[in-house]
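Let me begin by presenting the structure, written as structure tokens, before commenting on it.
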Amino acid sequence: AIPYAIVDGVLFKKYVNGVLLRCISTGQIQKVLEEFHGGLASGHFSPRVTALKIMKA
């Protein structure tokens with residue numbers, strides 16, 4: 001099976017459990033991290049916890 005899908009023109013990767021994870025460009029990484037560190041979900045978490053919070057958003 002192909003591990004990627006395009007939905008409404010947006011690229012997603014199919015996660016192991018079937019959840020679609022939105023693909024972002026390398027230029028968007030810093031913005032996403034800043035939003036999670038300074039926004040409603042702010043805090044200083046381990047890299048693993050931060051990644052899980054972003055994937056659940």
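The values are calculated or read from the model by the stated rules, or taken from the named source; none is laboratory data. What you see is a predicted model, and the numbers here were worked out from it, not measured in a lab. Glycine gets a Cβ as well: all are built from the backbone with ideal geometry, and neighbour counts include every protein chain shown.
Summary table
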| item | result |
| --- | --- |
| Members of region 1-16 found to be surrounded by 10 or more Cβ atoms within 10 Å (Cβ to Cβ) and not hydroxyl-bearing (S, T, Y), listed by number | A5, V10, L11, F12, K13, K14 |
| Search result, residues across region 22-47 that are within 24 Å of P3 (Cβ to Cβ), in a helix (DSSP H, G or I) and either modelled with pLDDT under 80 or of a type in the set (S, T, N, Q) (or both) | T26, Q28, P47 |
